[in-house]
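Heads up, the thing below is written out as structure tokens.
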Amino acid sequence: MSADHNRAPVLEALADFHRQGQLAFSPPGHKQARGADPAVRELLGDAVFLGDVLASGGLDDRLTRGRVLERAEELMADAVDAEHTFFTTCGSSLSVKAAMLAVAGPHEKLLIGRDAHKSVVSGLVLSGIEPVWVEPRWDAERHLAHAPSAERFEQAFEEHPDAKGALVVSPTPYGACADLRAIAEVCHRRSLPLIVDEAWGAHLPFHPGLPSWAMDAGADICVTSIHKMGSGLEQGSVFHLRGDLVPPQLLKTRADLLGTTSPSVLLYAGMDGWRRQMVLHGRELMGGALDLAAEVRAAIEEIDGLHVNDRDDFCGEGLADDFDPLPCVIDVTGLGITGYQAADWLREHRRLDMHLNDHRRIGAQITHADDRETTGALLTGLKDLAQAAPELPRAPRVDVPSPAELRMVQAQLPRDAFFGPAEDVPAGRAAGRIAAEMITPYPPGIPAVLPGERLTEPVLRYLRTGLEAGMNLPDPSDPELRTIRVVAAGNEPAE
């Protein structure tokens, strides 16, 4: 029997909850907005509180006999050619950890592209999994990492035949995509699973002009943030499963270990409604977004000093395999300013919030929600930025290491370094010591330093000069980077 994508089980159950006049003597304590602070109600509106009900014993009965969530997950799986789908309300940061724990355990090896998000590293810290880092394809000219090639995963498996599987990020926050089919084949020749962190690819299944998505390419587990490129609320995430290399019940129990027992029905409803929207109208909506993005990209290219990174920049020998044009990554080096300066100026002077920003780029994310009014404001703001740039302070220099200098030795398991005895040392004396913390330029959130890595002066210099130039480092114990947390003297492993 074919799936009926006109249905939205969570939304329908929520409507029934209100229509039937359910009266709750259970959490949440605001009791359908009645107890909420008046100022909060005025600002947020009562609709937020009316949608905030218990998932079990509210949206569904105490034994979940209505299968509300299960039916919504089944429809989502059908929409993206998965066999099983699981909703989570803690973002893809939780989903990717559940996926990792379903594939490898403490002291077992997992191949991971070194351009992974900090949530993956957090998963290593919590689980005790031993990472085998697979080198990304570095664009030394643009100072940018693209996902590792299938050949690099092949080589890593040959060197570590005891690895339990592999994890790759695609698309990256910059829109660069890996050849997922080829990487999946490398894994499956060994009967090992491939996890794809596709947090930035929720929209990919819904238009043929977009790159392939993980389930279509043969991946075993795919993690997707519905809130990033979709219409879900923040923290709304799903992970999909295909094949028999990872038992669905095992994946479910790993997610249950990490997830909340009080999930937000608001987030469930957003994901459920987005799936219906995309199946029924996604091709039209995504087609419109692609056309609009093409117009915007061409218009930005006409602004002196700005360059929009395109397929020719990101794809080719030794670079990415495919390209999503919707992130719209803009190189501002021609203006003589950094991406940090550009993002700050646009927010302060034109009330425009950019997505990612780094030492030379900003990201203007285009989605199906944009139109010529929103993109018109973006283009006006960028033109104004180009005019204002000569008056901005000279861009501080960020000392970006070469690809060879950027990589540091993983001298200790991330978990052991993070939880073991540690001390704070002056940053100037940290080179040669083993990091006991993550240090992550954010956004996009790819750690420059991992717990257990032996620090080197080029990476420390990159972070210090980046901080002076406006880089955001939210996770080190000393945000000013005057000191670095390292493994305590006497507790370092023998080299």
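Taken together, the values in this text are just the output of simple stated rules run on the coordinates, not laboratory data. Note that this is a predicted model, so its numbers are computed, not measured. Backbone-built Cβ (ideal geometry, glycine too); neighbour counts: all protein chains shown.
Computed values, structure above
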| item | result |
| --- | --- |
| Burial order of peptide ranges 222-234, 355-367, 167-179 (average beta-carbon count within 10 Å, highest first) | 167-179, 222-234, 355-367 |
| Charge dipole of segment 9-277 about the Cα centre (unit charges at C-beta), most positive-ward option of 32, 56, 251 | 32 |
| Inter-centroid distance (Cα atoms) of segment 194-229 relative to segment 335-406, Å | 27 Å |
| Cα gyration tensor, segment 403-487 - rounded (a/c under 1.5), prolate or oblate | rounded |
| Kyte-Doolittle mean at least 0.0, axial Cα span of 30 Å or more - DSSP H helices of the chain | 265-301 |
| Alpha-carbon centroids, segment 22-63 and segment 83-107: separation in whole Å | 28 Å |
| The chain: antiparallel DSSP beta bridges as a percent of all, rounded to 5 | 65 percent |
| In segment 199-255, chymotrypsin sites (Phe, Trp or Tyr not before Pro) in a DSSP loop with at most 13 other beta-carbon atoms within 10 Å | none |
| Selection of trypsin sites (Lys or Arg not before Pro), segment 381-430, meeting DSSP coil and at most 15 other Cβ within 10 Å | 394, 397 |
| Prolate/oblate/rounded label for segment 135-227 (Cα gyration tensor, a/c 1.5) | oblate |
| Summed side-chain charge close to residue 482 - residues other than residue 482 whose Cβ falls under 11 Å, Lys, Arg +1, Asp, Glu -1 | -2 |
